[in-house]
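Note sheet for the following structure.
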Amino acid sequence: MKNVAILGSTGSIGTQTLNIVRRSRDLNVVALSCGKNIELLERQIREFEPRLVSVETEELANDLKNRIKDLNVKVSFGLDGLCEVATIKESEILVTAIVGMLGLIPTIEAIKAGKKIALANKETLVTAGHIIMPLARELKVPILPVDSEHSAIFQSIQGISGNKIEKILLTASGGPFRGKTLKDLKNVSVKDALKHPNWTMGKKITIDSATMVNKGLEVMEAKWLFDVNVDNVEVLVHPQSILHSAVQFEDGAVIGQLGVPDMELPIQYALFYPERRKGSVENLDLFKISELTFEKPDLKTFYGLRLAYQAMYMGGNAATVYNAANEAAVNLFLNEKIRFIEIPEIIQGALENVKANKALTIDEILDTKNETEEYIKLRWM
């Protein structure tokens with residue numbers, strides 16, 4: 001029996017992880033966390049019977065305690081609660097499905113506690129890859145990527161026996177606005193931006209996909225996960241979302257992972273690695289697909305992706321500025337405070353105006369986040 005803890009159990013990745021647990025006789029949930037959706041969390045608690053849960057605030061924790069007073073479950077809250085879930089003694093693997101930089105400190109604490117990490121929280125590596133990866137190597141803690149693209153890369157390099165990666169081919173669907181110009185995007189609505197053609201995801205990552213900032217974050221994540229130079233990560237727009245990513249080696253060979261667009265496949269691979277098990281994902285029928293196409297990304301329209309490379313060239317705290325500015329901008333857009341095309345504009349402004357810092361402790365990363373949010377508050381709110 002493998003004991004699992006999940007940060008972000010009520011979100012898209014979290015609920016799909018629990019779908020896999022339902023079908024598996026040898027997975028057991030010992031801890032869960034969510035932000036505010038305590039109605040769904042209560043149902044999950046009653047079904048999976050974890051020993052510990054955590055929510056965003058003390059008020060929500062008190063409400064949840066009252067709802068489940070008939071059960072023997074500890075209820076925590078806030079950052080301390082997330083760290084409790086991440087480090088609970090009984091767990092073997094932590095699924096980090098929480099959105100944003102909130103996952104940073106709990107992930108570090110989980111690594112220190114020796115937990116395997118099924119990583120779906122890309123912001124952790126974007127802002128602190130220089131801390132996370134050396135720490136994981138030092139403590140011999142596996143970091144198992146859950147993002148479909150990084151899982152595909154991880155699967156493609158199994159058994160390469162030290163052969164050098166020449167290039168990572170990181171695929172992108174292009175989102176709902178592929179082929180559009182900046183002029184076309186001037187008045188798109190939140191509803192329009194949330195209509196992803198291939199994937200069902202949470203709101204934040206769906207907007208990130210529409211701006212292609214998500215692909216910028218994935219470029220940064222790939223750099224840290226696979227120890228490559230950012231210039232060796234090439235983005236390919238692949239509208240069918242069948243090739244989830246690939247690796248090119250020095251001899252010219254390209255090895256990739258193909259499958260239908262379904263997040264349960266990479267989640268399940270991370271949970272049971274290195275074992276492959278039959279799941280609910282349908283088999284890929286290449287005759288039915290018939291055609292796979294690839295395009296260069298439009299860096300003029302979707303310049304948020306170009307800004308990601310710029311941030312990596314800048315170094316220091318620029319990646320944190322990029323990420324924090326995007327988080328704030330997406331929140332403003334979802335609340336209809338700004339237009340869609342202003343999201344990359346805000347990111348660019350933050351990169352140009354937030355003070356650069358080359359030293360990057362955890363405290364400095366968090367300070368940069370706060371400084372970026374303050375800049376955006378003064379400039380855009």
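Taking segment 185-206 as the range and being under 20 Å from GLU264 (Cα atoms) and either part of a helix (DSSP H, G or I) or in contact with a strand residue (DSSP E or B) (Cβ under 9 Å, 6 or more places away or on another chain) (or both) as the test, the residues that pass are LYS203, LYS204, ILE205, THR206. Scanning segment 144-178 for residues that are of a type in the set (Gly, Ala, Ser), in contact (Cβ under 8 Å) with a residue 24 or more places away in the chain and outside any strand (DSSP E or B) gives SER148, SER151, ALA152, SER156, SER173, GLY174, GLY175. Does LEU79 satisfy being touching a residue at least 24 places away in the same chain (Cβ under 8 Å), farther than 24 Å from MET263 by Cβ and under 19 Å from the mean Cα position of the chain (by Cα)? Considered against the rule, which asks whether it is touching a residue at least 24 places away in the same chain (Cβ under 8 Å), farther than 24 Å from MET263 by Cβ and under 19 Å from the mean Cα position of the chain (by Cα), LEU79 comes out as yes. I need the helices (runs of 4 or more DSSP H) fully contained in segment 272-381, keeping only those with at least 2 residues that are among the hydroxyl-bearing types (Ser, Thr, Tyr) and surrounded by fewer than 19 Cβ atoms within 10 Å (Cβ to Cβ). Ranges flagged: 303-314. Scanning segment 233-270 for residues that are in contact with a Phe, Trp or Tyr (Cβ under 9 Å, 6 or more places away or on another chain) and more than 25 Å from LEU284 (Cα to Cα) gives a single hit, VAL233.
Within segment 257-268, is even one residue outside any helix (DSSP H, G or I) and among the acidic types (Asp, Glu)? Spell out how you get there, then give the answer.
Here is the first cut: in segment 257-268, the ones outside any helix (DSSP H, G or I) are 257-263.
So of that shortlist, the ones also among the acidic types (Asp, Glu) come out as 262.
Yes; the residues of segment 257-268 include at least one that is outside any helix (DSSP H, G or I) and among the acidic types (Asp, Glu).
Take the residues in segment 101-142 that are under 20 Å from MET263 (Cβ atoms) and over 13 Å from the mean Cα position of the chain (by Cα); name whichever of them is surrounded by the fewest Cβ atoms within 10 Å (Cβ to Cβ). Walk me through how you get there before you give the answer.
Of the residues in segment 101-142, the ones under 20 Å from MET263 (Cβ atoms) are 103, 107, 116-126, 142.
After this cut, where a residue has to be over 13 Å from the mean Cα position of the chain (by Cα) as well, the list is 116, 142.
Numbers: LYS116: 22, PRO142: 14.
Applying the filter and picking the extreme gives PRO142.
Taken over segment 261-313, the residue count meeting the criterion of being within 18 Å of the chain's Cα centre (by Cα) and without any contact (Cβ under 8 Å) to a residue 40 or more places away in the chain is 1. Can you pull out every residue in segment 1-32 that is farther than 19 Å from PRO266 by Cβ and hydroxyl-bearing (Ser, Thr, Tyr)? Matches in segment 1-32: THR10 only. Six or more apart or on different chains, Cβ under 6 Å: which pairs go from a residue in segment 323-352 that's in contact (Cβ under 8 Å) with a residue 24 or more places away in the chain to one that's of a type in the set (S, T, N, Q) and part of a helix (DSSP H, G or I)? Could you list them? Short answer, once both residue conditions are applied: ASN323/THR127; ALA324/THR372; ALA325/THR372; ILE343/THR211; ILE347/ASN326; ALA350/THR372. Among the residues that make up segment 28-35, is at least one of them modelled with pLDDT of 95 or more and loosely packed, with under 15 Cβ neighbours inside 10 Å? Looking for residues that are modelled with pLDDT of 95 or more and loosely packed, with under 15 Cβ neighbours inside 10 Å, one finds none in segment 28-35, hence no.
The values are calculated or read from the model by the stated rules, or taken from the named source; none is laboratory data. None of these values were measured; they are calculated from a predicted model. Virtual Cβ from ideal backbone geometry, glycine too; neighbours counted across all protein chains shown.
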